[in-house]
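The values are calculated or read from the model by the stated rules, or taken from the named source; none is laboratory data. Remember, predicted model here, so these are calculated numbers, not experimental data. So basically every Cβ, Gly included, is an ideal-geometry build from the backbone, and we count neighbours across all protein chains shown. Keep in mind that these areas ignore ligands, DNA and RNA; they rest on the heavy atoms of the full protein, side chains included. Shrake-Rupley method; radii C 1.70, N 1.55, O 1.52, S 1.80 Å.
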Amino acid sequence: MQAWKTYQEKNQEKFLEELLALLRIPSVSADSTHQKDMMTCAEAVRKSLLDAGATRAEIYPTQGHPVVFAEKIVDSSRPTVLVYGHYDVQPADPLELWHTPPFEPTIKNGMIFARVSADDKGQFFMHVKALEIMNQTGTLACNIKFIIEGEEEIGSPNLGEFVSSHKELLKADVILISDTSMISLETPSIEIGVRGLAYIQVEITGPNRDLHSGVYGGAVANPVTTLARMIASCHDENNHITIPGFYDDVLESSAEDRKKMAAAPFDEKEYMKDLGVKALWGEKGYSTNERTGIRPTLELNGIWGGYQGEGSKTVLPSKASAKISARLVPNQRSGKTGQLLLDYFRKIAPAGVTVNAFELHGGEPYMTPLDSLAYTAAEKAIEASFGKKPVPQRGGGSIPICSLLENELGIKIVFMGFGLDSDNLHSPNEKYNIANFYKGIETIPYFHKYFAEGRRNV
């Protein structure tokens, strides 16, 4: 174990520079103008895996952006860990809100400010460097495989086909994912579950063209106003979602589970200060941590329509649109929930407008069994590295491919994330603490050690 730390200490600056180089590639999967950048990034990931000691690393084309696969097989009798991550990034918009250029990583106060620094290049790259450490020090306890995709931020539309047709290639004993967060370095935690996602778009059309708001205002339904009212109707005065059937399949958390969540340290005043808000909002009867972990939610992700240029234009717009997403908890299914949303908006539309509502993408919620060998190995790894046992917690985000990977490969997933909820994921000024990056690299070899030991003792 000392060999791991010695090697890391000697190579910390190198590890950081390599990560910064990867962050400079604007691999925005949702934007077709970045097609070349996606290939550049896939090749950079492939090379980094080979440099770290992988004996095989290849780029596999898909109908969209490619998948990078790599492996290091040391002994066929040893267990195999499949590491999942993604090299694609969210768009950096709105650019004017960034304090520094999103694809020119800037280090301030021990933090790397750059798009995808935490989600997910900084986190999957920890596993690449951990492979290098274990390979160079001769301490690799497990075989390792990597699947690093380029479409996670757009719903992984082609990953299912890839996994289904490459089951033998991806054969492993456990899937390890670092695309989640922990409470802090002082209070380490493990996410034991992530929420699912149902994402739709709603388009409301009124008149056949934009109209003069003075000539026609008051006589013709305004699509922007209509859409705003429809969206507002989705919550009642207790911030409870009003869509019929939305809660039917929700698995309610037990009083014991809620008590465990309440034991996790949480400073509400600091939380509000960090976000710049004077009050919190959410479903009545639940704490903030419960609202973001064990309860489903419905959020408006974007809305547009009418004139948005400089100055004024007195127009009654022809069309208004919105993107709306629901986060789902165990027992809810993305397909069923998505259909509930679509049906609701189609049904409540008043006369005078037409509705075009359609699904964008979705994914299922996922829970890691606390009695699994993989969870025990992750728990022991963090305890060995941090000197204290991690707190189990439920994550508010979604990793849509979890159920897909488990169903296709027949193996369980364990999350071992080192980001923070305050890392501004998907937002301007995304950041990743350098200390968290290094701590992740230090901890990951322990997971391989304890997972291998656990398998031998079964």
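Observations on the structure shown:
- One residue stands out in region 177-231 among those that are more than 22 Å from Ala326 (Cα to Cα) and assigned to a strand (DSSP E or B): the one that is most open to solvent (accessible area, probe 1.4 Å), namely His212.
- Boolean, Arg295 is within 23 Å of the chain's Cα centre (by Cα), open to solvent by less than 50 Å² (accessible area, probe 1.4 Å) and within 30 Å of Pro94 (Cα to Cα): yes
- Qualifying residues in region 350-385 (those that are β-branched (Val, Ile, Thr) and in a strand (DSSP E or B)) - the one surrounded by the most Cβ atoms within 10 Å (Cβ to Cβ): Val355
- Evaluated against (1) in contact (Cβ under 8 Å) with a residue 40 or more places away in the chain; (2) open to solvent by 60 Å² or more (accessible area, probe 1.4 Å); (3) farther than 23 Å from Ser385 by Cβ, Pro66 falls short on exactly one condition, (2).
- Residue satisfying all of: in region 21-63; hydroxyl-bearing (Ser, Thr, Tyr) and in a loop (DSSP other than H, G, I, E, B); most open to solvent (accessible area, probe 1.4 Å) among these: Thr55
- Count of region 128-164 residues which are more than 19 Å from Thr55 (Cβ to Cβ) and either of a type in the set (Lys, Arg) or assigned to a loop (DSSP other than H, G, I, E, B) (or both): 6
- Residues in region 434-458 that are aromatic (Phe, Trp, Tyr), closer than 10 Å to Ala381 by Cβ and open to solvent by 20 Å² or more (accessible area, probe 1.4 Å): Tyr450 alone.
- Every pair of residues 6+ apart whose Cβ atoms lie under 7 Å, when the first sits in region 415-429 and is on the phi > 0 side of the Ramachandran plot while the second is among the acidic types (Asp, Glu): Asn424/Glu430
- Hits in region 108-127 (condition: open to solvent by 10 Å² or more (accessible area, probe 1.4 Å), in a strand (DSSP E or B) and touching a strand residue (DSSP E or B) at 6+ places or on another chain (Cβ under 8 Å)): Met111, Phe113
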